[in-house]
Amino acid sequence: MRYPKVQRWLHLALSLGITLQLLLSTIMAQPRPGKIRSAFELLAFGLHEKLGMALLVVLFAHWIAWVLGKSQHGFGHFFPWSFAERRQLVYAEIVELARFRLPDPEIRNALAGAVQGVGIVVASLLALSGS
């Protein structure tokens, strides 16, 4: 399945940005009273802060695309919990995986969409709390 170029760029920005954010967060530590942060720690914090704001913009673009219906799969694909039919598809895929059967991702991708939806919510909450 070929996704539109804009969607591929948004995914690339999210995957690289979140990975870099996680790496930067391992460098940062809460300063102890009387201890001065090193230049490297200050640089890591500054990068984390600026990258976080950029990721917030990318996440906002994802949400806007979903709300306006510009996403290829639609809002229900990423948030199936509100739709009985979508919940059944997710459950059916979980049952197949429990039996060690991998469904064709071109046809059956409800579970992947649900996981992406949870990921985008968590990333959004982290970005908003950091901003």
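Structural remarks
- Summed over qualifying helices (DSSP H, 4 residues or more, each -39500 (n - 2.57)) and divided by its residue number, the chain shows a 222 nm mean residue ellipticity of -24000 deg cm²/dmol.
- Residue with peak Gaussian network fluctuation, the chain [Cα springs, cutoff 10 Å], from Leu24, Leu97, Leu89: Leu97
- Solvent exposure ordering (accessible area, 1.4 Å, most first) of Phe60, Phe45, Phe78: Phe60, Phe45, Phe78
- Degrees separating the helix 5-27 axis from the principal Cα axis of the chain, which is the longest one: 40
- Cα gyration tensor category, rounded, prolate or oblate, for the stretch 1-117 with a/c compared to 1.5: prolate
- The stretch between Ala92 and Val118, if pulled fully straight at 0.36 nm per residue, gains 7.5 nm over its current Cα-Cα span.
- Helix 39-67 and the longest principal axis of the Cα set of the chain meet at an angle near 30°.
- The relative contact order of the chain, computed from alpha carbon pairs under 8 Å that lie at least 6 residues apart in sequence, is 25 percent.
- Highest GNM mean-square fluctuation among Ser15, Ser38, Ser25, for the chain modelled with Cα contacts below 10 Å: Ser38.
The values are calculated or read from the model by the stated rules, or taken from the named source; none is laboratory data. Predicted, not measured: the structure shown is a model, and the values here were computed from it. The protein model used for the area step is the full one, side chains on, heavy atoms only, and it has no ligands, DNA or RNA in it. Shrake-Rupley method; radii C 1.70, N 1.55, O 1.52, S 1.80 Å.
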